[in-house]
Ligand SMILES: *Cc1c(COP(=O)(O)O)cnc(C)c1O
């Protein structure tokens, strides 16, 4: 063994001892709901394909047509020769759906955050992040070399206290939060955050990865509240309810023009495959044209939470916190024996001591499966 291999093996043993080692498992998704895994067909409650659009015939047809026309790869960065016509079509749909001037599509949601935050924020600036925000918001803030402060989850008072103390020392301040929290399923208080940002001359950025297609009539977290908050930076992903891949930012024309010039993950990375872009447009047409479809994941999540006796779902995501990693792993195995996939979520994805099952409900889940899952949770896991 080389020193490098020994280093890797030691790190892995440490993870294993803490029940935190992860492994890849072959998982074939042959429709929007089921998976083939470990030789069995399971009903999945762990896919973020909330509207089952990854297998929608219109979406697949749009991808196939774009492959025939433009080939499999973009060929270069979008600023060179990779800006195939499907990009502009997708960006205008995104901007319209989000109520923004303009949009910019990135290679992924992670790349969007890793690129846009450093393009807007520098080392003398401040980024205020909800403590439960997604890893890629933190990555963007760190890449910006900014001063980063976490405020307690959804705690406006705490964010206000931090702003009162630290705002004066910084030229620009970004407040960043998930719109729907990825591991907890709750919503950020966006109208309050927007008012706070306005009071302190800060910029509000919302990561709507789990809101688009699911809350606010399908338009996302900004549209899920009693008032419509002003959010200058709305980012998200095309990999969840949209059923494909890619990230985006919706903002003013000026901001988007700057991002296209300065976001390094945009400038120095190849454009998405045209088929992926065309598929996302077809999926967004379905989302925009069918608010009833977008209402179904939350309706199914609520059916589950009521039957299982856990707090009412606020989005398609329902966490059941079990504490120790081994408890979450054991519960996941028990459900798998019964034909359900609910992957255990462990630290560092969630805080220490809060390992959980995270259920993701989709439009197409059958009532009977939801009811059986709820009964299993009530009788076998939570009892
Ligand atoms: C999944 C996710 C991302 C990353 O998006 P990808 O397109 O998968 O890279 C970003 N933010 C949140 C909140 C997410 O859940």
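So here's what we get for this one:
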quantity	calculated
Filter result for the condition that a residue is touching a strand residue (DSSP E or B) at 6+ places or on another chain (Cβ under 9 Å) and surrounded by fewer than 23 Cβ atoms within 10 Å (Cβ to Cβ), over 192, 201	201
Number of the exception - residue 226 against (1) surrounded by fewer than 18 Cβ atoms within 10 Å (Cβ to Cβ); (2) part of a helix (DSSP H, G or I)	(2)
Residue in region 239-271 that is nearest to the ligand (Cβ to nearest atom), counting only those that are farther than 21 Å from residue 122 by Cβ and out of contact with any helix residue (DSSP H, G or I) (no Cβ under 8 Å at 6 or more places or on another chain)	240
Qualifying residue in region 44-52 (condition: surrounded by 18 or more Cβ atoms within 10 Å (Cβ to Cβ) and over 30 Å from residue 266 (Cα atoms))	yes
So residue 352, is it within 30 Å of residue 86 (Cα to Cα), surrounded by fewer than 20 Cβ atoms within 10 Å (Cβ to Cβ), modelled with pLDDT under 95 and over 19 Å from the mean Cα position of the chain (by Cα)	no
Checking residue 90 against (1) within 30 Å of residue 215 (Cβ to Cβ); (2) in contact with a strand residue (DSSP E or B) (Cβ under 7 Å, 6 or more places away or on another chain); (3) in the same structural domain as residue 209 (by TED's automatic domain parsing); (4) surrounded by fewer than 18 Cβ atoms within 10 Å (Cβ to Cβ), the condition it does not meet	(4)
Residue match in region 319-334 (condition: in a loop (DSSP other than H, G, I, E, B), closer than 25 Å to residue 52 by Cβ, outside the structural domain of residue 283 (by TED's automatic domain parsing) and touching a helix residue (DSSP H, G or I) at 6+ places or on another chain (Cβ under 7 Å))	no
Any chance residue 287 is buried (at least 22 other Cβ atoms within 10 Å of the Cβ), more than 26 Å from residue 121 (Cβ to Cβ) and away from the ligand (no atom under 15 Å from the Cβ)	yes
Residue within region 215-227 that is farther than 21 Å from residue 297 by Cβ, away from the ligand (no atom under 16 Å from the Cβ) and touching a helix residue (DSSP H, G or I) at 6+ places or on another chain (Cβ under 6 Å) present	yes
Residue 72, sole failed condition from (1) assigned to a loop (DSSP other than H, G, I, E, B); (2) within 26 Å of residue 183 (Cβ to Cβ); (3) modelled with pLDDT of 95 or more	(2)
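The values are calculated or read from the model by the stated rules, or taken from the named source; none is laboratory data. Keep in mind that what you see is a predicted model, and the values were worked out from it rather than measured. Neighbour counts are summed over all protein chains in view; Cβ atoms, including those assigned to glycine, are modelled from backbone coordinates with ideal geometry.
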